[in-house]
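Bear in mind these aren't lab numbers, they're just calculated from the coordinates by the rules spelled out. Remember, predicted model here, so these are calculated numbers, not experimental data. Note that we place each Cβ from the backbone using ideal geometry, even for glycine, and neighbour counts take in every protein chain shown.
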Amino acid sequence: RRRRQRGEHGPLLRPIICICNNVYAPVLRPLRQIAQWYHVGAPTPARLAQRLEEVCGLEGVAADRWGLLDLAKQHEGDVRSCLNALQMVSQRAPRVGPEQLKSSAVGMKDVQRSLFAVWTMVFSSPNASSLGKRHSVGAAARKPSLEREYAELVVQSVRSSGERERLMQGCVENYLRMEFRDLTHTRVANLCTDWFGFYDTVDAATRRTPATADTLAAYMDYALLAVHRTCSTQIGLSRGDFEYPHSEFEAFQGRQAAASILQALLAGATCLRTRWSFTAASAAEGLADYLLHILSPQLVTANKHLLKGAERDRMVRLVKVMDAWQLALVQNRDADGQFVYRLEPPVDRLYGFNGRRPPRAIMPMRYPVRQLVSQELERARLARLAARSGDSRDSAPDASPDAKDQAKRDYLRQLFCRSARRHDCRRLRR
C-alpha cells in the first residue's frame with residue numbers, strides 16, 4: 001500500500017498465461033525459451049457439439065445436433081470460431097441446421113492446414129469420419145474408393161500447406177516411432193530405398209536447376225503419400241510420440257560450433273606453417289583425432305616432485321604440445337557448483353556425439369592432475385615470454401660511452417645558444 005501511494009511498482013508475482021495456436025511460430029521463439037508451455041489438445045467434435053448445444057439452450061437458440069457436429073468438424077475444434085459462426089447464423093435464421101451452416105460462409109477457417117494437421121493425416125488410416133461421412137454402411141465394399149479419396153486429400157493438404165520440406169523432415173524423423181505392422185521390415189526397407197531416395201533425387205535436381213522446380217516439385221508430394229500407405233495406423237499421432245523435426249537444425253548448430261572450435265585451434269598455433277597448411281575441414285579429418293590422443297596421456301600423480309621417469313616425460317610432452325597450440329585449462333564451476341578445469345578452446349567437444357560421453361577420457365580427468373598441468377603450462381608460457389623479451393632486449397644496439405658524451409655536449413650547446421639569444425634580445429630592447 002505504501003508503494004502504491006509513492007508510485008512504486010513491486011515485482012510481478014502473478015503468472016502470465018499466453019495462449020497460441022502454433023507454439024512453433026518464429027515470433028514465439030524467444031518466449032518459448034523462457035516459458036513453461038503445455039500442449040492442450042482440441043476437443044473432440046462430439047464433445048464440442050454437446051457444449052455448443054448447451055450454449056444454444058442457454059441463449060434460446062434452436063439448433064440441430066447434427067448441424068452442430070458438422071460445425072465442430074468444419075472449424076477443426078476451434079471453440080471461438082464455432083461460437084462466432086453460430087452467433088452470426090442465429091441472427092439470420094430462426095433455426096440453426098446443416099443447410100443454414102452450409103449456405104453461410106461466416107467464420108469459415110482457412111483451408112490451409114497446419115503442419116501437425118497434415119502429419120496427423122499422413123500417419124492416420126482413412127475412415128468414414130476422416131472424410132466427413134456421417135454413415136459408414138458398407139464400409140468393406142467401398143474401402144478402395146475410401147482410400148483413394150483419402151489419398152487425394154493427403155496430397156492436396158501437402159500441396160496447400162506450402163511446407164513440403166518441413167513435412168518430409170518430420171516424416172523421416174518420426175516414421176519409425178509409429179506402431180505399424182511390418183514383421184519382416186520389407187515395407188520400411190522399400191520406403192527408405194525407393195521413395196526417400198526418389199525424394200532426395202528430385203529435390204537435388206530442383207536445387208541444381210531451378211528452372212525445373214515447378215515441373216518436378218509435383219512428384220515430390222507422392223513420397224509423403226508413400227509414407228502414409230506404409231506407416232499409417234488407426235490411432236495416428238494420438239500416442240504423443242511425434243516430435244517436431246529438429247535434427248537438421250541441431251546438426252547445423254553442431255557443425256557451426258565445431259567449425260568455430262577448429263578455427264580457434266588453428267588461430268592459436270604458434271607455427272605459421274601449421275597454421276596456413278590446415279583448413280577447418282582438413283583439420284577435422286587429419287588433425288583433431290590425433291591431437292586429442294596426444295593430449296590424453298596417462299597421468300596419475302598430482303605432485304610435481306613425485307613425478308618420475310616416463311610419467312615426467314609425458315607431462316613435459318603434454319605441456320609442450322599445449323603451449324605450441326596455445327591451449328589452456330580454465331577453472332570454472334559446473335552445474336553442481338564444483339570447480340572444474342575445462343579445455344579452452346574446447347577441442348574435446350569434437351570427440352562426443354549427441355551429448356554422449358566419449359568412449360575414452362580426453363586429457364587427465366582428475367581435478368588435481370589438471371591443476372598441475374595448468375600450473376606447468378603457465379610456467380612454460382611465462383618462460384617463453386621472458387625469453388622473447390630477453391631476446392628483443394639483447395638484439396637492441398647498446399649506445400657507446402663516446403656517443404653518450406657527444407649527446408651531452410650537444411644538449412649543453414643548445415642551452416647556451418638559447419640563453420645567449422635571449423640576452424641579446426634584452427639588450428636590443430633597452
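Given the C-alpha atoms of segment 172-228, compute the convex hull and give its volume per residue in Å³.
It is 69 Å³ per residue.
Packing-wise, with mean Cβ within 10 Å as the measure, how do 299-305, 344-350 rank, highest first?
344-350, 299-305
Could you give the length gained on full extension between Arg159 and Arg379, defined as 0.36 nm per residue of separation minus the Cα-Cα distance, in nm?
Gain on extension, Arg159 to Arg379, equals 72.6 nm.
Give or take rounding to whole Å, what are the principal axis extents of the alpha carbon atoms in segment 208-337, in descending order?
Each principal axis gives a Cα extent; for segment 208-337 these are 71, 42, 26 Å.
About its Cα centre, how strong a charge dipole does segment 285-341 have in debye, to the nearest 20, once Lys and Arg get +1 and Asp and Glu get -1 at the Cβ?
Dipole about the Cα centre, nearest 20: 380 debye.
So how much slack lies between Ala46 and Phe180, counting 0.36 nm per residue of separation and subtracting their Cα-Cα distance, in nm?
Separation in residues times 0.36 nm, less the Cα-Cα distance, equals 45.5 nm.
I need the calculated FRET efficiency for the pair Thr209 and Glu152, taking r as the beta carbon distance and R₀ as 30 Å, to the nearest 0.05.
After rounding, the FRET efficiency stands at 0.55.
Give me the distance in nm between label points sitting 7 Å out from Cα along the Cα-to-Cβ direction at Ile17 and Ala258, one decimal.
4.5
Using 0.36 nm times the number of residues separating Tyr351 and Phe116, minus their current alpha carbon distance, what extension gain do you get?
81.0 nm
Calculate the FRET efficiency for Val340 and Gln298 from the Cβ-Cβ distance with a Förster distance of 22 Å, rounded to the nearest 0.05.
The value I calculate is 0.65.
I'd like the trypsin sites (Lys or Arg not before Pro) in segment 192-271 restricted to DSSP loop residues with at most 14 other Cβ atoms within 10 Å, sorted by number.
Arg239
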